[in-house]
Amino acid sequence: MSQNNIIIKYKDTVLLQDSEIESVASSLSDYLGTLKEVAGKTIYDVPESFLSLPDDKELFQKSEEVAGIFANLSLKYIIVAGIGGSNLGAAAIYDALYPKFDGFLSKHPKLLFSDTNNPREMELLKKIIEENVHEPKEIVLNIITKSGTTVETIANAMVLFETLSLKFGEQDAIARTVVTTDEESSLWKIALEKGIQVLPVPKKIGGRYSVFSPVGIFPLSLAGINVAEFLSGAGSVRDSFLSADLNENPALLSSSVDFLVHQKGLSIYNSFFFNSELESVGKWGRQLFAESLGKKNDKEGKTVYSGMTPVVSVGTTDLHSMVQLYLGGPKDKFTNFIHTDGTEIGRVTVPVHSIFDPLVSVISGKDFQKLMSSNLGGTMEAYKENSLPFVETILPGMNERSLGQYCLLKMIETVLLGKLWNINPFDQPEVESYKKIARELLKKQ
Ligand code: PA5
């Protein structure tokens, strides 16, 4: 039987006193009160308004309406041109629900992500359109960029749009394109002028907090994912994730623990997933954590160089790659072991009789889940033996609902940690500065 909500186990493994955690958590009470007020309205007037997205029926309806225009039984590919916060959320959920080898099956539609400007990848995408797409209705191009000016996204979108235009003519290319952007961007205006379908990204919502907006839910819905469940999973736990009661609120617990382990000198945050299909979820969380919390200055302008370096590990793959370092190397890491409660469908058992029997006899007849849980159990024991602090996060199954809960958990944890560090978790000044320099360099080329 699946539990209903995410559980975080931490007692005896975080190597912290309960009183320390309680004291940090209590300092967040007022801010949690503010967040509750924000969550109660569907007005996007502050960056924390991402909390309102799971409940926003109007935005959900709009996204579903547009998906309804483009969905049909012949749809083969939805290509998302977007980068960072504009594609990592959708990729996370898609990869979790349609893991690794799904791409090799003939069933459709498939969601393809075009983010960086890689000529070989682009050649392949063009080839897919040229060889596999026979009618306009078989494809959708979703250009996602809040600013409407991100170089990588616009360059990829231009090439893909041109490919569609050459194949089907500009009017059909327009008819099969959807632009997701800020309503005040120049891209929004161009799209409207040309008759391209548009979906809004609410003004105050930053890319990495936008997975519950059309940025995430439109392409996912078109790919056949139950986005209503994804949103309702997040909505169902939001009140508890904003509670000031540590026993009820895993986001409060996590941020308080993160704050304390960082204070004790740990500078690396390792998200160690024991369901390998969650790797992209890890990369989504990595961006959220890194871009939100890595800040030179605090809110008063004092230089603080805040942040922990987030890394993503995958079990059991990285037991054969990274764990020697994790157990034997510098003690500078805090680990979050993340896995589901094992209730997802998909049971595989090692055959009882096989010519390979003599090799590792203990595995005969064992369920894959058991192999995974023994490896996870063994790893956590080894962490304990080496006095390495960790928490264990258990998701209620591998489905839209539990993924919605997890995404909301990480967003609230991040914002609370930003509050504890007194930094702004919603801006990205250093990203903007490199973008400016890159543009200048481009002009000279
Ligand atoms: O989270 C963020 O704000 C960033 O990662 C952006 O999503 C990323 O830079 C892409 O920006 P845009 O959506 O404007 O193309």
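Only the coordinates and a few stated rules stand behind these numbers; no lab work does. Note that the coordinates shown come from a computational prediction; the quantities given were computed from them, not determined experimentally. Ideal geometry is used to build each Cβ from the backbone, glycine not excepted, and the neighbour counts take in all protein chains shown.
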Fill in: Highest-fluctuation residue, S213, S313, S74 considered, GNM on the chain with Cα pairs under 10 Å
S74
Worksheet entry | Charge dipole of the chain about the Cα centre (unit charges at C-beta), most positive-ward option of F101, L124, I79 | L124
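Rounded, prolate or oblate: which one fits the range 335-390, using the alpha carbon gyration tensor with axes a ≥ b ≥ c (rounded when a/c is under 1.5, else prolate when a/b beats b/c, else oblate)? Provide the component values of the computation, followed by the final result.
Numbers: a/c = 5.05, a/b = 1.65, b/c = 3.06.
Oblate, because a/c is 1.5 or more while a/b does not exceed b/c.
Helix by helix, which DSSP H runs in the chain go 18 Å or more along their axis at the Cα atoms and have an average Kyte-Doolittle hydropathy of 0.0 or more? Intermediate values should be presented prior to the final figure.
Details: long enough: 57-70 (20 Å, -0.22); 119-132 (19 Å, -0.92); 151-168 (25 Å, 1.04); 227-241 (21 Å, 0.45); 250-263 (19 Å, 0.73); 279-293 (21 Å, -0.39); 368-385 (26 Å, -0.57); 400-421 (32 Å, 0.39); 429-444 (24 Å, -1.01).
For the chain, where a helix must reach 18 Å along its axis and average at least 0.0, the hits are 151-168, 227-241, 250-263, 400-421.
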Worksheet item: Which one of L403, L253, L166 has the biggest mean-square fluctuation once the chain is modelled by GNM with Cα springs under 10 Å?
Response: L166
Worksheet item: Alpha carbon centre of the range 397-445 versus the range 237-259: separation in Å?
Response: 20 Å
Worksheet item: For the range 1-95, what is the convex hull (Cα atoms) projected area averaged across all directions, in square nanometres?
Response: 11.0 nm²
Worksheet item: Taking springs between alpha-carbon atoms closer than 10 angstrom, which of A81, A91, A67 fluctuates most in the Gaussian network model of the chain?
Response: A67
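What shape does the range 57-172 take by its C-alpha gyration tensor, where a ≥ b ≥ c are the square roots of the eigenvalues and a/c under 1.5 counts as rounded, a/b above b/c as prolate, and the rest as oblate? All intermediate terms of the calculation are to be shown ahead of the outcome.
Details: a/c = 1.15, a/b = 1.06, b/c = 1.08.
Rounded.
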Fill in: Too-long pairs where the Cα-Cα distance tops 21 Å, listed order kept, from K137/K194; K57/K283; K110/K137
K57/K283
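Please report D172, D56 as a ranked list, fewest other C-beta atoms within 10 angstrom at the top and most at the bottom.
Numbers: D172 16, D56 19.
Going from least to most buried by this count: D172, D56.
With a ≥ b ≥ c the root eigenvalues of the C-alpha gyration tensor of the chain, is it rounded (a/c under 1.5), prolate (a/b larger than b/c) or oblate? The partial results should precede the final answer.
Details: a/c = 1.73, a/b = 1.24, b/c = 1.39.
Oblate shape, in that a/c is at least 1.5 and b/c is the bigger or equal ratio.
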Worksheet item: So, in nm, how far is label D18 from label K194 when the simple model puts each one 7 Å beyond its Cα toward the Cβ?
Response: 6.1 nm
